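S.K.: Quick one: structure below, then a few questions.
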Amino acid sequence: MAIYTVERLLEEESLKGIRLASGRAGISREIANVNIIDNPDTYDWLSAGDFLLSTGYIFRDDPQIQRRLVRELADIGCSGLGIKTRRYLENVPACMIEEAERLGFPLVEIPYHYALSQVSNVINNAIFKREDTQLKKLIHIHNTLTQCALEGGGLEKIARIVSPLVRNPLIIVDSKWRLLAYSDMPENPKPLKSHLYLRKKERVFPQSFIKDVPREFGEFTKSIKRRYPDANGDVVCRILPVAADKSIYGYLVVWETVCKMTSMEYMALESCGTTVALERVKARQIEEIKHHLRQDFFDDLIQGRIESVNAASSLAEIHYMDVRKKYVCMLTKVSDPGTGPDPEGDGPQERDTFLQYKERLIAVIEDISYERRRETVSIHRGNLIITFIRIHREELGQKMSSLLGEFVTAVYDAAVRAYPKAAVSIALGKPSPDFMEISKSYMQAKEALRISEQIDEGQHISYYEELMVYRLINSVQSRECLDEFCSNAIGRLCEYDEQNNTSLVETLEQYFQCNSNISTAARKMFLHRNTFIYRIEKIKGILGSELKDPEELLELQMGLHIMKVLKTLPRDSVQRPEAPGAEE
């Protein structure tokens with residue numbers, strides 16, 4: 001039933017003859033209550049939505065009080081003032097008409113033959129009928145949702161039931177804004193699927209939309225309004241928390257594109273929030289059980305202890321993974337150079353701080369994944385964030401540095417911006433050809449982290465597939481053999497640097513890294529191009545090489561790689577090959 005307004009009062013058949021004297025701009029104001037005003041100083045007793053009735057006796061001879069009365073009632077938010085004429089006032093005073101017109105405040109002239117109680121009864125009956133209708137609707141909404149909950153209809157069914165009740169599309173998300181359920185409407189001019197990323201258990205809205213939404217239940221006093229950007233006009237969204245025991249379990253988002261919500265729709269939404277909260281509490285209890293299973297599942301997964309796809313299938317689905325898909329493992333190592341979260345801290349405060357740090361870092365990875373349309377699942381172990389990135393079948397032949405380079409760089413940059421005190425390094429393994437072999441990708445990423453720390457090039461992102469040379473060098477058992485190779489290849493250049501305090505070894509390395517491009521290498525070393533050319537000529541003279549022969553170039557590059565590995569090995573780490581036939 002529509003709200004009862006001043007306009008509807010003027011249309012009452014039982015009150016023929018009443019007319020609007022002024023304030024037409026306000027005739028759509030809702031009348032929530034009716035009262036009789038007989039004292040000009042009773043403003044504190046009035047409320048917004050009150051429609052006042054008066055004979056005019058209290059202000060009949062004072063234009064100043066007449067103007068003030070109109071202003072005060074308008075400021076309070078009253079819906080209008082009905083004045084009975086031909087008793088104390090011949091007509092509605094001109095100054096009141098003028099003031100009411102200026103403020104858009106309805107003044108209604110009531111003919112003499114109507115008693116004020118008669119007008120009051122008509123209004124009260126209309127309000128009662130509306131409230132009775134509302135009460136019946138609320139009871140119907142409550143019973144419908146309760147029945148749905150008892151029958152175990154789930155969130156999808158709840159969304160389908162509530163969407164018509166709020167007369168707009170409805171989206172239900174969890175506390176991290178991942179999709180739980182939604183229901184669109186045929187008459188929606190801006191269909192949900194055309195504007196939102198609607199994929200179960202994945203983020204629906206971008207960070208820019210949700211960043212200011214309160215995360216604590218106490219910060220909500222009512223539903224809040226947000227605008228979702230759209231080229232053809234922003235979409236108004238009404239957001240209500242799904243809460244229980246002062247904890248937020250998710251949010252209801254009304255996509256207000258079909259019609260503007262009224263108080264009845266808000267009541268329906270609140271009832272929906274209560275029902276969804278019960279569903280989420282049950283889900284949370286189940287999640288606590290799943291959490292323990294999750295810990296065991298991921299530990300078994302990265303350790304390669306899962307024996308069959310069938311055993312992994314249901315658990316993987318619970319944890320937002322698909323055994324039919326391909327994944328690559330990314331490790332993000334967070335460590336603190338001095339003042340940030342300490343992964344080795346023994347105190348509970350240090351452990352809690354570091355735990356919060358890791359959870360925020362996972363949130364950063366989730367944001368980047370959402371923005372770049374990458375499906376990822378992240379967990380943390382110790383000072384590592386372990387992220388499983390889904391790789392599409394057609395992407396399998398590509399190098400990870402080319403395929404995921406921008407994604408990984410975005411994660412690193414965002415992490416550094418958010419936590420400048422922490423040292424962050426990232427490494428990727430190779431895609432696992434089979435879900436059961438994800439542990440190989442995990443071990444490869446760990447090896448890439450180890451090697452990148454070993455060679456200490458100052459690079460914070462490494463790819464296992466690009467470190468094969470260092471793996472080959474590390475496999476050589478004899479330190480003596482490595483020393484000899486390095487000395488033969490670049491020994492003279494190292495001696496020259498040491499004796500003359502120069503950096504020719506670094507110059508040669510940069511020359512190779514830039515594919516012999518003089519200009520690029522000079523820029524990276526902040527040198528003038530001619531200075532760099534001079535250094536290269538000096539290197540050629542010391543080595544007795546024109547740096548053109550492929551075999552010589554390979555030896556020089558291997559020598560540079562070996563030099564980095566040797567710096568990390570203790571001098572007494574010489575392992576000589578055992579003689580043939582020696583016992584193990």
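FYI, it's all coordinate maths here, none of it is from the lab. Values in this document were obtained by computation on a predicted structure and should not be read as measured data. Reconstructed Cβ throughout: ideal geometry from the backbone, glycine too, with neighbour counts over all protein chains shown.
S.K.: Which of Tyr511, Tyr112, Tyr266 has the fewest other C-beta atoms within 10 Å, and how do the rest follow up to the most?
M.R.: Tyr112, Tyr266, Tyr511
S.K.: Can you compute the charge dipole magnitude of region 411-468 about its Cα centre, using +1 on each Lys and Arg Cβ and -1 on each Asp and Glu Cβ, nothing else charged? Give it in debye, rounded to the nearest 20.
M.R.: 260
S.K.: Enumerate by residue number the chymotrypsin sites (Phe, Trp or Tyr not before Pro) in region 176-221 meeting two conditions: DSSP loop (anything except H, G, I, E, B), and at most 14 other Cβ atoms within 10 Å of the site's Cβ.
M.R.: Tyr197
S.K.: Can I ask one more? Quick check: from the Cα gyration tensor, does region 483-530 come out rounded (a/c under 1.5), prolate or oblate?
M.R.: It is oblate, given that a/c is not under 1.5 and a/b is not larger than b/c.
S.K.: Which trypsin sites (Lys or Arg not before Pro) does region 222-253 hold that lie in a coil by DSSP with at most 10 other beta carbons within 10 Å?
M.R.: Lys222, Lys246
S.K.: Report the relative contact order of the chain, percent, no decimals, based on alpha-carbon pairs under 8 angstrom and at least 6 residues apart.
M.R.: After rounding, I find 8 percent.
S.K.: Where nothing but the Cβ of Lys and Arg (+1) and of Asp and Glu (-1) is charged, how large is the charge dipole of the chain around its Cα centre, in debye to the nearest 20?
M.R.: Charge dipole of the chain: 1860 debye, to the nearest 20.
S.K.: Once the dipole of region 152-287 is set up with Lys and Arg at +1 and Asp and Glu at -1 on Cβ about the Cα centre, which of Gly273, Val236, Ile172 lies farthest towards its positive end?
M.R.: Checked the options; the winner is Ile172.
S.K.: What is the calculated FRET efficiency for His142 to Phe217, with r their C-beta to C-beta distance and R₀ = 22 Å, to the nearest 0.05?
M.R.: 0.50
S.K.: Ok, one more. Considering only Tyr511, Phe526, Phe485, whose Cα is most displaced toward the positive end of the charge dipole of region 476-568, charges sitting on Cβ of Lys, Arg (+1) and Asp, Glu (-1)?
M.R.: Among Tyr511, Phe526, Phe485, the one farthest towards the positive end of the dipole of region 476-568 is Phe526.
S.K.: Okay, moving on. Please name which of Leu428, Tyr464, Gly56 has its Cα lying farthest along the dipole of the chain towards the positive end, using unit charges on Cβ (Lys, Arg +1; Asp, Glu -1) and the Cα centre as origin.
M.R.: Checking the options against the dipole of the chain, the answer is Gly56.
S.K.: Read phi for every residue in region 254-271 and hand back ³J(HN,Hα) as whole Hz from Karplus 6.51 cos²θ - 1.76 cosθ + 1.60, θ = phi - 60°, with x for Gly and Pro.
M.R.: Ordered by residue, 3J(HN,Hα) equals 8, 8, 7, 10, 8, 7, 6, 6, 10, 4, 5, 5, 5, 5, 4, 5, 5, 4 Hz.
S.K.: Please list 556-564, 491-499 highest first by mean number of surrounding beta-carbon atoms within 10 Å per residue.
M.R.: 556-564, 491-499
S.K.: While we're here: If you count, for each residue, the other Cβ atoms within 10 Å and average over each peptide, how do 268-275, 14-21 line up from highest to lowest?
M.R.: 268-275, 14-21
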